[in-house]
Amino acid sequence: MTLRQKQSCFAYHVGRLLLKAYSMGYEITLGEASRPKITAEYYAKMGIGIPNSLHISRLAIDLNLFIEGKYQRGSKGHDKLGEWWKKQHELARWGGDFGDPNHYSFAHNGKA
């Protein structure tokens with residue numbers, strides 16, 4: 001699968017992810033889905049993320065989840081959705097498995 005095909009597949013599955021989140025009772029605001037390389041490098045220097053982030057390749061999105069108006073800061077608030085996401089495609093990865101619970105991505109070139 002080419003990168004462009006993978007990006008298209010990811011976008012399709014993100015649409016399903018959003019619908020699933022709402023059906024589970026979450027409210028959502030969107031975080032980053034695309035990140036310029038310079039921003040990723042800056043974040044990495046600040047200790048936030050990695051310089052070769054999947055956001056650069058448009059294969060990751062951050063979702064801010066709310067339950068009854070309360071922002072879900074940790075993995076616990078994302079657990080059910082994250083576990084569902086990982087079952088949707090062989091490339092689907094959830095950041096809760098590596099300390100970034102609002103991160104949903106497709107693996108690419110060894111990155112999650």
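The values are calculated or read from the model by the stated rules, or taken from the named source; none is laboratory data. What you see is a predicted model; the values in this text were computed from it and never measured. Please note: Cβ atoms are built from the backbone with ideal geometry, for glycine as well, and neighbour counts cover all protein chains shown. Protein only, heavy atoms only, side chains kept; ligands, DNA and RNA dropped before computing areas. Shrake-Rupley method; radii C 1.70, N 1.55, O 1.52, S 1.80 Å.
How much of the accessible area of the chain, in percent, comes from carbon and sulfur atoms when a 1.4 Å probe is used? Of all accessible area on the chain, carbon and sulfur atoms account for 54 percent.
What trypsin sites (Lys or Arg not before Pro) does segment 46-112 have in DSSP loop regions with at most 11 other beta carbons within 10 Å? Answer in residue order: 87.
Summing charges over neighbours of residue 60, with a neighbour being any other residue whose Cβ is under 10 Å away from its Cβ, gives +1 when K and R count +1 and D and E count -1.
A straight Cα-to-Cα reach below 21 Å connects residue 20 with the lysines 6, 70, 76, 80, 86, 87, residues fewer than 8 places away in its own chain not being considered. Taking one equal scatterer on every alpha-carbon of segment 43-95, how large is log10 of I(q)/I(0) by Debye at q = 0.21, 0.30, 0.31 1/Å? For the requested q values the scattering log ratios are -0.95, -1.14, -1.16. Taken over the alpha carbons of the chain as equal point scatterers, the Debye sum produces base-10 log I(q)/I(0) values at 0.18 Å⁻¹ of -0.88. Calculated mean residue ellipticity, 222 nm, the chain: -12000 deg cm²/dmol, from DSSP H runs (n ≥ 4) at -39500 (n - 2.57) each, averaged per residue and rounded to 500. The charge dipole of the chain, taken about its Cα centre with unit charges on the Cβ atoms of Lys, Arg (+1), Asp and Glu (-1) only, comes to about 240 debye.
Taken as Cα centroids, segment 54-102 and segment 4-28 sit 11 Å apart, rounded to the nearest whole angstrom.
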